[in-house]
Ligand SMILES: NC(=O)c1ccc[n+]([C@@H]2O[C@H](COP(=O)([O-])OP(=O)(O)OC[C@H]3O[C@@H](n4cnc5c(N)ncnc54)[C@H](O)[C@@H]3O)[C@@H](O)[C@H]2O)c1
């Protein structure tokens with residue numbers, strides 16, 4: 001496989017929280033293929049069809065740990081025992097609609113979980129780089145027709161979005177208080193950044209209330225796909241896009257620790273911004289079967305209508321660019337769901353990473 005990161009990850013000890021989840025399983029597979037020693041920390045996967053389970057990535061990595069990020073002592077014990085050099089923190093309760101039902105747990109996991117990971121980083125002297133994954137929903141959503149920039153104010157209507165905005169504020173505080181770039185090399189040696197991606201799609205996600213898993217479940221059951229928010233506009237992107245950005249950023253942070261420790265948007269190309277209805281239509285077109293049913297109704301829980309991300313900063317300062325338009329992202333996603341039941345899922349994921357990497361590194 002073409003290594004987009006010039007061998008940087010070979011032999012690095014990388015801790016991934018949330019490795020049993022959708023994005024974390026893909027990141028663990030990619031890191032493993034790049035030669036990193038991956039230490040995964042998460043809860044049990046939710047279904048037997050998750051990418052983590054089907055790919056068997058847990059059996060390939062250095063350590064496949066079960067621990068709750070709400071337990072501060074467990075986090076410190078793991079960091080002290082495994083001494084990671086690089087941390088990607090993805091573990092979270094990431095579903096907007098669920099956050100309305102379990103706001104306290106959402107805050108405990110997302111906010112205090114993040115604080116516990118920050119404290120575990122502080123408790124060990126091995127970590128050089130930490131990339132904390134939040135979301136595009138951390139910005140105060142004013143339904144603007146332009147993409148949110150990194151310096152826009154944080155906010156959030158629902159408990160999920162606001163919990164991620166609170167994570168951003170905690171990360172900023174820990175960076176100022178303990179990992180200040182001006183004191184790098186004198187008081188500490190940690191480069192800390194946060195990253196915000198759009199609506200991520202790709203193989204192996206079976207979460208409730210996400211459009212692609214909803215479509216696949218409906219297609220498999222032979223019923224129409226029910227669409228709650230057909231007109232909502234989202235920045236869609238294939239999972240490999242933000243992951244490539246996180247991996248590129250961490251490498252830059254390692255090489256110039258004080259220069260990149262801030263917030264970064266890793267959103268899609270402009271034309272990947274489209275409605276929920278259009279993305280669902282594109283997916284069922286790839287399968288050549290299925291139908292959509294508009295079930296939007298007044299009085300449902302609030303979900304953002306329009307959400308766009310400005311990626312100028314990642315493009316100009318990191319040279320990072322997304323590679324797939326919305327059709328390409330949906331096609332790669334559909335390809336996974338067409339093949340997962342009959343093929344070796346680890347090889348399937350690697351073949352998709354290989355295809356994504358074929359162009360070589362960003363210039
Ligand atoms: N999928 C998207 O569209 C999207 C978009 C923007 C941001 N994000 C962010 O990316 C990250 C990963 O999202 P995902 O889609 O892979 O979610 P996911 O639900 O598939 O995975 C979540 C992971 O977190 C772990 N986890 C949850 N609670 C935990 C706890 N208390 N202790 C330890 N581990 C716990 C789960 O075990 C799982 O491994 C999240 O931080 C999410 O907010 C996702």
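Miscellaneous remarks
- Cα shape, region 214-363, gyration tensor, a/c 1.5 rule: oblate
- 15 Å cut-off, amide nitrogen to a point 7 angstrom out along residue 347 Cα→Cβ, residues in region 23-55: 55
- Rounded, prolate or oblate (a/c below 1.5 giving rounded, otherwise prolate when a/b exceeds b/c) for region 53-122 by Cα gyration tensor: oblate
- If the segment from residue 354 to residue 71 were pulled out straight at 0.36 nm per residue, it would be longer than the present Cα-Cα gap by 98.2 nm.
- Modelled spin labels at residue 327 and residue 43, positioned 7 Å past Cα toward Cβ, are 4.0 nm from each other.
- Remark: spin-label model distance residue 361-residue 172 equals 3.2 nm, labels positioned 7 Å along the Cα→Cβ axis.
- Computed over region 116-173, relative contact order equals 34 percent, with contacts defined as Cα pairs under 8 Å that lie 6+ residues apart.
- Folded to 0 to 90 degrees: helix 345-357 orientation relative to the chain principal axis, Cα: 80 degrees
- Degrees, to the nearest 10: 159-177 long Cα axis against longest axis of the chain: 20 degrees
- The DSSP beta bridges internal to the chain are antiparallel in roughly 10% of cases.
- Across 219, 243, 144, mean-square fluctuation computed from a Gaussian network of the chain (C-alpha pairs under 10 Å connected) peaks at 144.
- Normalising the average separation of contacting C-alpha pairs (under 8 angstrom, six or more residues apart) by the number of residues puts the relative contact order of region 236-363 at 36 percent.
- Per-residue extension of 0.36 nm, minus the Cα-Cα distance of residue 270 and residue 157, leaves a gain of 38.2 nm for this segment.
- Global geometry of region 279-334, whether rounded, prolate or oblate, following the gyration tensor of its Cα atoms and the 1.5 cut on a/c: oblate
- P(r) tail fraction, region 19-138 - alpha-carbon pairs more than 23 Å apart, %: 29 percent
- Between helix 22-33 and the chain: long-axis angle, C-alpha atoms, 0 to 90°, nearest 10: 60 degrees
- Counting beta carbons within 10 Å around each of 287, 266, 179 and listing the fewest first gives the order 287, 179, 266.
- Helices in the chain, meaning DSSP H runs of at least 4 residues, each add -39500 (n - 2.57). Divided by all residues, the mean residue ellipticity at 222 nm is -11500 deg cm²/dmol.
- Compactness of the chain, taken as the C-alpha radius of gyration over 2.2 N^0.38 Å, stands at 0.93.
- Mean separation of Cα contacts under 8 Å (6+ apart) over length of region 27-67, as relative contact order %: 50 percent
Bear in mind that the values in this text are calculations on the coordinates, not laboratory data. Everything numeric here is computed off the predicted structure, so don't read it as measured data. Note that we place each Cβ from the backbone using ideal geometry, even for glycine, and neighbour counts take in every protein chain shown.
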